[in-house]
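One structure is given below, encoded as structure tokens.
Values in this text are rule-based calculations from the coordinates and carry no lab data. Bear in mind the structure is a predicted one, so any value in this text is a computation, not a measurement. Neighbour counts run over all protein chains shown; Cβ positions are idealised from the backbone, glycine included.
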Amino acid sequence: MPFCAALVIRTSGLAYTRTVSADAQLTSPTPLPRAVDLATLIASVLAGRERTVLDRPGRSAAVLLSIYDRGGRPHIILTKRTSTLPAHPGQVSLPGGQQDPEDRDLRMTALRETQEELGIDPAAIEIIGELDDVATFQSQFIVTPVVGVMRTAPATHPNPAEIDRVIEVPVANILALDAALPSDPTLRDLRYPLDGEDVWGATARILRSFAEVARVAIAHAGE
């Protein structure tokens, strides 16, 4: 019988408990390809699907979900924002931010913001596509998640004014935790306990979209 841990999550002053299998945090049902191979599969899925583009009032923003190998396993980077930032302080997010007038497109926004926050050279990242847009409820951003791949694990140099900590997450952990969620989770239930952090909100919705695309890509690899 697998060990289960009770994760106590606090939001808006209230607490509730979600039970998560410890095995689910460490394993994925199918061994994953290396980052470059996984990215190639994901790129094919993204190219063949119709992306949800939100056409509504809101400020344009982009985040970067970039896959790379660490210790022979594909990972992505999340960041914990400092408590002094005006938007989403102390929350866990993907690197990214608001589109500047000088940005030629949202891909450039994602790359620029990642360099500003983490010191990663945009030339080290190959863009492979975009996930569905998501809207933030309080800050009124329309966020485009840009997906990329890095052929080597990055050395990060976080900007202390913006980033409290860098969190490197194995893709297998995201997929396993996602598989334990309800098929149609409420916003309250859509949370990922990763590296001691509670990942919720827009970032959780992006991880959900990524997990769905990644599972389709992996299934196609076995055909």
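Per-residue extension of 0.36 nm, minus the Cα-Cα distance of Glu102 and Glu126, leaves a gain of 6.6 nm for this segment. Backbone geometry of segment 45-57 corresponds, through the Karplus equation with coefficients 6.51, -1.76 and 1.60 at θ = phi - 60°, to 3J(HN,Hα) couplings of 5, 4, 5, x, 10, 8, 7, 7, 10, 7, 10, 8, x Hz, x marking Gly and Pro.
Let me check I've understood the local charge: for Thr144, count other residues with C-beta under 10 angstrom from its C-beta, Lys and Arg +1, Asp and Glu -1. What total comes out? Mind dumping the intermediate values first?
Working: positive: Arg51, Arg107; negative: Asp105, Glu130, Asp132, Asp133.
Computed value for this residue: -2.
When only Cα pairs below 8 angstrom with a gap of at least 6 residues are kept, segment 109-221 shows a relative contact order of 23 percent.
Amide H to amide H distances under 5 Å link Asp69 with Ala35, His75, Ala153, where only residues 5 or more positions off or on other chains count and H is placed in the peptide plane. Applying the Karplus relation 6.51 cos²θ - 1.76 cosθ + 1.60 with θ = phi - 60° to segment 136-142 yields 3J(HN,Hα) values of 8, 7, 8, 8, 6, 9, 9 Hz, where x marks Gly and Pro. Taking amide H atoms as placed 1.01 Å from N in the peptide plane, the amide H of Arg165 lies under 5 Å from those of Lys80, each 5 or more residues away in sequence or on another chain.
Let me make sure I get this right: for segment 72-223, a, b and c are the square roots of the gyration tensor eigenvalues over alpha carbons, sorted descending. Under 1.5 in a/c it's rounded, otherwise prolate if a/b > b/c, else oblate. Which is it? If you can, show how the numbers build up before the last one.
Numbers: a/c = 1.43, a/b = 1.19, b/c = 1.21.
In terms of gyration-tensor shape, rounded.
Taking amide H positions as modeled 1.01 Å from N, with prolines and chain starts lacking one, the residues under 5 Å from Leu194 and 5 or more places away or on another chain are Val199. Across segment 126-167, C-alpha contacts under 8 Å between residues 6 or more apart give a mean separation that, scaled by the residue count, equals a relative contact order of 34 percent.
How would you classify segment 151-223 from its alpha-carbon gyration tensor, with a ≥ b ≥ c the square roots of the eigenvalues: rounded for a/c under 1.5, else prolate if a/b is greater than b/c, otherwise oblate? It would help to have the intermediate numbers written out before the result.
On the way: a/c = 2.55, a/b = 1.29, b/c = 1.98.
Cα axes put segment 151-223 in the oblate bin.
Whole-Hz Karplus values for segment 64-74 come out as 10, 10, 10, 9, 7, 8, 9, x, x, 10, x Hz, taken residue by residue from phi with 6.51 cos²θ - 1.76 cosθ + 1.60 and θ = phi - 60°; glycine and proline positions read x. Within the shell defined by Cβ-Cβ distances under 11 Å, the residues around Ala153 carry a net charge of +1, with Lys and Arg each +1 and Asp and Glu each -1.
What shape does segment 40-90 take by its C-alpha gyration tensor, where a ≥ b ≥ c are the square roots of the eigenvalues and a/c under 1.5 counts as rounded, a/b above b/c as prolate, and the rest as oblate? Oblate, since a/c reaches 1.5 and b/c is not below a/b.
So if R0 is 35 Å, what FRET efficiency would Asp55 and Thr152 give, r being the distance between their Cβ atoms, rounded to the nearest 0.05? Show your work: numbers first, answer last.
Values: r = 38 Å, r/R0 = 1.07.
Once rounded, the FRET efficiency stands at 0.40.
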